[in-house]
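Below is one structure. I have some questions about it.
All of the numbers you see were taken from the coordinates with simple rules; none came from a lab. All values derive from a computational prediction rather than experimental measurement. Positions of Cβ are generated from backbone atoms using ideal geometry, with glycine treated the same way; all protein chains shown enter the neighbour counts.
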Amino acid sequence: MKKKILIHDIAKHLDVSIATVSLVLNGKAKDNRISDQLAEKVMQYVQEVGYKPNQLAKSLRTGKTHVIGLMVEDIANPFFATVAGLIEKKALARGYRIIYCSTNNDPAKTRDLLTMFQERHVDGYVLAPPAGIGPEVSAIVRSGKPLVLFDRLLPDVTANAVVVDGATGMYEATRHLLTQGFTAIALVTLGSGQMQMTARREGYAQALREQQLPELVLEVEFQQEPEAIITQMQAFFQAHPACHAVLFATNYLGVYGLEALSRLNYRIPENMAVVSFDDNDLFRLYSPPITVVAQPMEVISENVIETLLKALEGAQESDHMTQLQLVPQLIIRQSSIRAASSDTGQ
């Protein structure tokens, strides 16, 4: 087994002090009047022998681990997976690694994961938090640890945040269906008190109120098997035969909804016009393509990581919070365009 190279070995070989090698490796050669020639000599030898610094020891010296804790609802969800991947790419370019985890909207699990992050001494947090963990998140903010919320906010928590205006997005989507002549418009959403979900429902409700039309809402629980959700949707559509347009509040509900409509032999948009919040590869490839309220994932990830890095690198004033609300884009595709020959019964 090859002997591990230590900083002591480098200093001995080059006939310099351990402190000199350490200062060079930590980028502090000029600050300590170490010549460029000597610094270059140290770095060349370090590369030659393949020396890798002990990250734990380094973190103890600097107080930095260069690790960011990223917590989302479900890392398998296409929206969260995409945003997390973009954040990781941008973080790696700045020398930070990411620890991922999923909360499954479970406050108890989230508290355990936050404890794990603290034990790992992460430098900062990126959180899409479930409801019910406001005190724990507020405690992190008070500790001075950099933190950014995204996708959703928490009541009574003041923190850096990057969110999307879901109310406006769903309002515009509902208005689009109304302009197509649909008046019995359903919303399939999660039975959740999370602020992003309530905002989407409010946008839908506002558009209907303006036309003095009733809401038609199916709420499904978050932690259910797909088959159970699909069955609930089938029963809902069958119980409301006058409904000929539906909005899905998340992309995975949209996917399950397409399955439910297919099992009922509904044609889109002839029997049911469809719009989903969040885009998905399936929605673009589906026949007909599905209209979506698309969140700007590249912009979300860019602003999340830049906000966090500013805080990590001391570029953000300690008493200043970045609160950014982005606007989603309604992408109209064939699934929501009323067929000229369709008979909606409205």
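So how compact is the chain: Cα radius of gyration and Dmax in angstrom?
26.0, 90
For the chain, with a Gaussian network of springs between Cα atoms less than 10 Å apart, report the residue from Val274, Val299, Val246 with the top mean-square fluctuation.
Answer for the Gaussian network model of the chain: Val299.
Charges only on Cβ, +1 for Lys and Arg, -1 for Asp and Glu: so what's the dipole of the chain about the Cα centre, in debye to the nearest 20?
Value, rounded to 20: 1360 debye.
Most exposed first by the Cβ proxy, i.e. fewest other Cβ within 10 Å, how do Ser17, Ser276, Ser336 rank?
If I rank by nearby Cβ atoms, fewest first, I get Ser17, Ser336, Ser276.
Which is farthest toward the positive dipole end of the chain among Leu187, Leu326, Ala311, measuring Cα position about the Cα centre, with Cβ charges +1 (Lys, Arg) and -1 (Asp, Glu)?
Ala311
With the alpha-carbon atoms as the only input, what is the per residue convex hull volume for segment 146-241 in Å³?
Dividing the Cα hull volume of segment 146-241 by its residue count gives 118 Å³.
Moving on to the next point. Expressed as a rounded percentage, what relative contact order does the chain have, with Cα pairs under 8 Å and six or more residues apart?
Once normalised by length, the contact order is 16 percent.
What per residue convex hull volume, in Å³, do the alpha-carbon atoms of segment 7-53 yield?
Given the Cα convex hull of segment 7-53, per-residue volume reads 63 Å³.
Mean residue ellipticity at 222 nm from the helices of the chain, using -39,500 (n - 2.57) per DSSP H segment of n ≥ 4 over the full residue count, to the nearest 500 deg cm²/dmol?
Taking each H run of at least 4 residues, the total per residue is -14000 deg cm²/dmol.
Here's another thing I want to ask about it. Report the charge-dipole magnitude of segment 7-53 in Debye, nearest 20, computed about the Cα centre from +1 at each Lys and Arg Cβ and -1 at each Asp and Glu Cβ.
Dipole magnitude for segment 7-53 comes out near 140 debye.
How big is the convex hull of the Cα atoms of segment 242-291, per residue, in Å³?
Roughly 65 Å³ of hull volume per residue.
On to the next question. Which loop-located GluC sites (Glu not before Pro) does segment 158-246 contain, where loop means any DSSP state but H, G, I, E or B and the Cβ has at most 14 other Cβ atoms within 10 Å?
Passing sites in segment 158-246 are Glu215, Glu221.
Okay, next question. Under 5 Å between amide hydrogens, which residues at least 5 positions from Ala273 or on another chain qualify, with H placed 1.01 Å from N in the peptide plane?
Hits under the 5 Å cutoff: Ala245, Val246.
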